[in-house]
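Notes to accompany the following structure.
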Amino acid sequence: MLPIIFCLTILVFGRSESAGILYPRASESRELRTLDGLWSFALTNSLVNRRAEKWYRVNFKAVDDLNVQSMPVPASYNDIGSDADLRDHVGLVWYQRNFFVPKSWNGQRVWIRFSSVCRAAEVWINGEWAVSHDIGHLPFQADISSLVKYGDENMITVSVDNTLLNTTIPQGALQELSSGRIKQTYNFDFFNYAGIDRPVVLYTTPTTYIDDITVATDVGGTSGFVNYTIAVEGSDTVTAKVSLVDKTGTEVATDTVLSGTLFVQNANLWWPYLMDPNPGYLYSLQVQLLDSSGSLVDKYSLPVGIRTITWDSKSVKINNKPIYLRGFGRHEDSDIRGKGLDLPLIVRDYNLIKWIGANSYRTSHYPYAEEIMDLADELGIMIINESPALNTENYSDELLENHKRSLTELIQRDKNRPGVIIWSASNEPRTQLVEAEDYYREVVAHIKSLDTSRPVTVVNYQLPDEEYSGQFLDIASCNIYFGWYTNPGDLDTVVADVIAGAKRWNELHNIPVIVTEYGSDTLEGLHFLPVYIWSEEYQDALLSKHFEAFDQMREEGFLLGEMIWNFADFKTEQSFLRVGGNKKGLFTRNRQPKSSAYLMRKRYWALAQSLDNADVPDDLDGYIFESSIAKDEL
């Protein structure tokens, strides 16, 4: 019999919970303090009893029999230790630290905001419950003004439960081993990292404050339109000043209403990387609330990119120009930190993305950190933004509600981002099951009820004639592994199989197609002549065969993009199918190139030159025609 493991399965609840989830920014009216750093961390096998004893009110360091250790925040906790108990732990862990609240904050609203906790979190301030949340990779916050002591030390305690069940997002199950240990099982192919893995901040707002901003942009000729709606909490007697400011600090448009349209002549449009000499152009939407005397009440600035997205049965266009996605599936994954926010790694990854000539990626298989998304907007990298629901099966009403809630939170967080061009409802769900029809009808309808400005997809591994989600989608996204999981080693079958599979999606549903995954595991430094699976030569040969298929489909006009799996190697659960993790990356886990990275670089830059008239790097000029792109296309 499995022992009881406490698992949160509730909505986001908090004291004076805010409807908006704006990224915390300091301003003339707002102060910001980070709680990142070393927290006290407790891992124990009697967590349920401890919680029943109001353990969240106890100072961890004052308990003799509790093994308290230091734990960095943000970080996943699994790889910080030196034993398997921490790495493979299932159930609750506890975090705690003290923090100081300035006396000057008294009279303002004080907020606690978590950018992400994986997975279910419950938060206490000074022993009093503050907020709960049970979806990983997404932010949550609460007004804790009535819980903190001003001009004094305060204590925050957080429980984190990584348990996955049939109704959680994502799904999982518990298994009792013969040793008596409880093991978490799941059907997705990446490690179930857990912990407080993104920043934690305290910030203030006035009692009347800007709660949310929603922006939708449009383009007409050389002009741009910024449609905005501002939600205000508190007094309804304030007035507003809304300004759009360009990169030079010049105000280009202004208004005094909370919902309106700003008109921008000769607008600098937001363009993807390599589609324009000035990609990723961002304005600043500066919102000020003013009282009856004209004094500032609250101010918030939101980055805004002016662009429009349209789509039809063959293409997606940005600013009326067709796009072709060349990119990757990716993971937030690194040594030691796991899925914890890692700023040096983030910058390194974007440097590699630009080096290789890619213009896009998918946030497989969960929402990425807001800092990662910020850089995508600034650099002009297009994003397929994916829900944390993946490999869904065992469909139920409770699962559906949790899935829809994850999408609500995702869209609420990222609705204003110009780089987000497609919503992905799920990765590789079991859409061959007949109950998937009603399920994904509701899921897609839910997305469209929240945002109609972007197309919707489901990333499918099922064959198009044998699944039930495609009829509801704007774009077909398919994962295909010919030459690897199907017919491994048979390179001569790849081109025809890829074309037949992807083309059928377009024929059946009359929608454009993205190949969102393809590739092979490759062990760095393994070489074979002739080519043989797992070698670097095999990965190069397999990619080249896919390039042939992609070029044929591009000529037919329905292929929207190609995304190799994966950008970099990443950790998975232990399996005899995996040598230390999934090795399908173009780069190793520590971001060094395999031979396929150089091959892909020639491919992507050839596409950039052919399709977007981009200037190729000097070190590629002169041999870029070795790419599979025909010379007469360039």
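The values are calculated or read from the model by the stated rules, or taken from the named source; none is laboratory data. Remember, predicted model here, so these are calculated numbers, not experimental data. For neighbour counting, all protein chains shown are included, and Cβ atoms are generated from backbone atoms with ideal geometry for every residue, glycine included. Ligands, DNA and RNA are stripped out before the accessible areas are found, and what is left, the full protein with its side chains, is counted by its heavy atoms. Shrake-Rupley method; radii C 1.70, N 1.55, O 1.52, S 1.80 Å.
Mind checking which residues of region 463-483 are assigned to a loop (DSSP other than H, G, I, E, B) and modelled with pLDDT of 95 or more? Full working, then the answer.
First pass over region 463-483, keeping only residues assigned to a loop (DSSP other than H, G, I, E, B): 463, 467-469, 473-474, 480-481, 483.
Scanning region 463-483 gives Glu467, Tyr468, Ser469, Leu473, Asp474, Ile480, Tyr481, Gly483.
Working only within region 541-550, note down all residues that are open to solvent by 10 Å² or more (accessible area, probe 1.4 Å) and in contact with a strand residue (DSSP E or B) (Cβ under 9 Å, 6 or more places away or on another chain). Walk me through it before giving the result.
Pass one, region 541-550, residues open to solvent by 10 Å² or more (accessible area, probe 1.4 Å): 541, 544-545, 548.
Passing the criteria: only Lys545.
Within region 239-260, track down each residue that is in contact (Cβ under 8 Å) with a residue 24 or more places away in the chain and surrounded by 14 or more Cβ atoms within 10 Å (Cβ to Cβ). Before the answer, list the steps.
Step one: filter region 239-260 for residues in contact (Cβ under 8 Å) with a residue 24 or more places away in the chain, giving 239-247, 252-253, 258-260.
The answer is Thr239, Ala240, Lys241, Val242, Ser243, Leu244, Val245, Asp246, Val252, Ala253, Leu258, Gly260.
So that you can scan it fast, the table gives a plain yes or no per residue for (1) open to solvent by 60 Å² or more (accessible area, probe 1.4 Å); (2) over 24 Å from Ile213 (Cβ atoms); (3) among the aromatic types (Phe, Trp, Tyr); (4) part of a strand (DSSP E or B):
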{"residue": "Ala267", "(1), (2), (3), (4)": "no, no, no, no"}
{"residue": "Trp271", "(1), (2), (3), (4)": "no, no, yes, no"}
{"residue": "Val297", "(1), (2), (3), (4)": "no, no, no, yes"}
{"residue": "Pro303", "(1), (2), (3), (4)": "no, no, no, yes"}
{"residue": "Arg326", "(1), (2), (3), (4)": "no, yes, no, yes"}
{"residue": "Ile336", "(1), (2), (3), (4)": "yes, yes, no, no"}
{"residue": "Leu345", "(1), (2), (3), (4)": "no, yes, no, no"}
{"residue": "Arg348", "(1), (2), (3), (4)": "yes, yes, no, no"}
{"residue": "Leu352", "(1), (2), (3), (4)": "no, yes, no, no"}
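Can you pull out every residue in region 22-40 that is acidic (Asp, Glu) and loosely packed, with under 15 Cβ neighbours inside 10 Å?
Residue satisfying the conditions is Glu28 alone.
Considering only residues that are free of Cβ contacts under 8 Å to residues at least 12 places away in the same chain and among the hydroxyl-bearing types (Ser, Thr, Tyr), look in region 414-458 and name the one that is farthest from Pro512 (Cα to Cα).
Ser449
Which of the residues belonging to region 1-29 are touching a strand residue (DSSP E or B) at 6+ places or on another chain (Cβ under 6 Å), modelled with pLDDT of 50 or more and among the charged types (D, E, K, R)?
Within region 1-29, Glu28 is the sole residue that qualifies.
For a quick check of your reading: which strands (runs of 3 or more DSSP E) sit entirely within region 177-224 and have at least 3 residues that are surrounded by 18 or more Cβ atoms within 10 Å (Cβ to Cβ)?
Numbers: elements: 182-185, 200-205, 209-220.
Fully inside region 177-224 and qualifying: 200-205, 209-220.
So Lys54 clears everything in (1) over 30 Å from Thr207 (Cα atoms); (2) at pLDDT below 95; (3) open to solvent by less than 40 Å² (accessible area, probe 1.4 Å) except one condition, right? Which one?
Lys54 satisfies every listed condition except (3).
What number of residues within region 552-570 are buried (at least 21 other Cβ atoms within 10 Å of the Cβ) and not aromatic (Phe, Trp, Tyr)?
As a first pass, look at region 552-570 and keep what is buried (at least 21 other Cβ atoms within 10 Å of the Cβ): 559-570.
Now drop any that are not not aromatic (Phe, Trp, Tyr), which leaves 559-564, 566, 568-569.
Of the residues in that region, 9 qualify.
Would you confirm, using the coordinates I've provided, whether Val232 is of a type in the set (A, V, I, L, M), surrounded by fewer than 19 Cβ atoms within 10 Å (Cβ to Cβ) and not in a strand (DSSP E or B)? I'd like the intermediate steps shown before the answer.
On the way: of a type in the set (A, V, I, L, M): yes; surrounded by fewer than 19 Cβ atoms within 10 Å (Cβ to Cβ): yes; not in a strand (DSSP E or B): no.
Answer is no for this residue.
Might you check whether a residue that is surrounded by fewer than 21 Cβ atoms within 10 Å (Cβ to Cβ) and over 29 Å from the mean Cα position of the chain (by Cα) occurs anywhere in region 505-518?
Within region 505-518, the subset surrounded by fewer than 21 Cβ atoms within 10 Å (Cβ to Cβ) is 507-510.
With over 29 Å from the mean Cα position of the chain (by Cα) added as a condition, the list becomes 507-508.
The answer is yes, given that some residue of region 505-518 is surrounded by fewer than 21 Cβ atoms within 10 Å (Cβ to Cβ) and over 29 Å from the mean Cα position of the chain (by Cα).
Which residue pairs have Cβ atoms closer than 9 Å, lie 6 or more positions apart in sequence or on different chains, and pair a first residue in region 501-523 that is closer than 17 Å to Arg554 by Cα and among the basic types (Lys, Arg) with a second residue that is open to solvent by 10 Å² or more (accessible area, probe 1.4 Å) and in a loop (DSSP other than H, G, I, E, B)?
Filtered contacts from region 501-523: Arg504/Leu463.
State yes or no: is Asp291 open to solvent by 40 Å² or more (accessible area, probe 1.4 Å) and either in contact with a helix residue (DSSP H, G or I) (Cβ under 9 Å, 6 or more places away or on another chain) or of a type in the set (A, V, I, L, M) (or both)?
Values: open to solvent by 40 Å² or more (accessible area, probe 1.4 Å): yes; either in contact with a helix residue (DSSP H, G or I) (Cβ under 9 Å, 6 or more places away or on another chain) or of a type in the set (A, V, I, L, M) (or both): no.
No, not satisfied.
If I ask for residues that are in contact with a strand residue (DSSP E or B) (Cβ under 7 Å, 6 or more places away or on another chain) and free of Cβ contacts under 8 Å to residues at least 60 places away in the same chain, which ones from region 172-224 would you list?
Matches in region 172-224: Gly172, Ala173, Gln175, Leu177, Thr185, Ser223.
From the list Tyr481, Tyr532, exactly one residue is open to solvent by 10 Å² or more (accessible area, probe 1.4 Å) and within 28 Å of the chain's Cα centre (by Cα). Which is it?
Within the list Tyr481, Tyr532, the selection yields Tyr481.
Could you check region 247-265 and list, in sequence order, the residues that are over 20 Å from Thr207 (Cα atoms), touching a Ser or Thr at 6+ places or on another chain (Cβ under 8 Å) and part of a loop (DSSP other than H, G, I, E, B)?
Thr256, Gln265 - these are the residues of region 247-265 that are over 20 Å from Thr207 (Cα atoms), touching a Ser or Thr at 6+ places or on another chain (Cβ under 8 Å) and part of a loop (DSSP other than H, G, I, E, B).
Identify the residue in region 225-238 that is among the β-branched types (Val, Ile, Thr) and in contact (Cβ under 8 Å) with a residue 40 or more places away in the chain and, among all such residues, is nearest to Ala253 (Cα to Cα).
Step one: list which residues in region 225-238 are among the β-branched types (Val, Ile, Thr), which gives 226, 229-230, 232, 237-238.
Keeping just the survivors that are in contact (Cβ under 8 Å) with a residue 40 or more places away in the chain gives 226, 230, 232, 237-238.
Values: Val226: 10, Ile230: 16, Val232: 21, Thr237: 24, Val238: 21 Å.
For region 225-238, the residue satisfying everything is Val226.
From (1) open to solvent by 10 Å² or more (accessible area, probe 1.4 Å); (2) modelled with pLDDT of 95 or more; (3) within 27 Å of Leu400 (Cβ to Cβ); (4) of a type in the set (Ser, Thr, Tyr), pick out the condition that doesn't hold for Ser146.
Single failed check for Ser146: (3).
For region 116-132, check the following and say yes or no: at least one residue is modelled with pLDDT of 95 or more, open to solvent by 20 Å² or more (accessible area, probe 1.4 Å), out of contact with any strand residue (DSSP E or B) (no Cβ under 7 Å at 6 or more places or on another chain) and not small (Gly, Ala, Ser).
Yes, region 116-132 has at least one match.
Starting from region 577-596, keep only residues that are β-branched (Val, Ile, Thr), then list their pairs with residues that are open to solvent by 50 Å² or more (accessible area, probe 1.4 Å) whose Cβ atoms are within a distance under 7 Å, requiring at least 6 positions of separation or different chains.
Sorted first by the residue in region 577-596, then by its partner, the pairs are Val579/Leu523; Thr588/Glu524.
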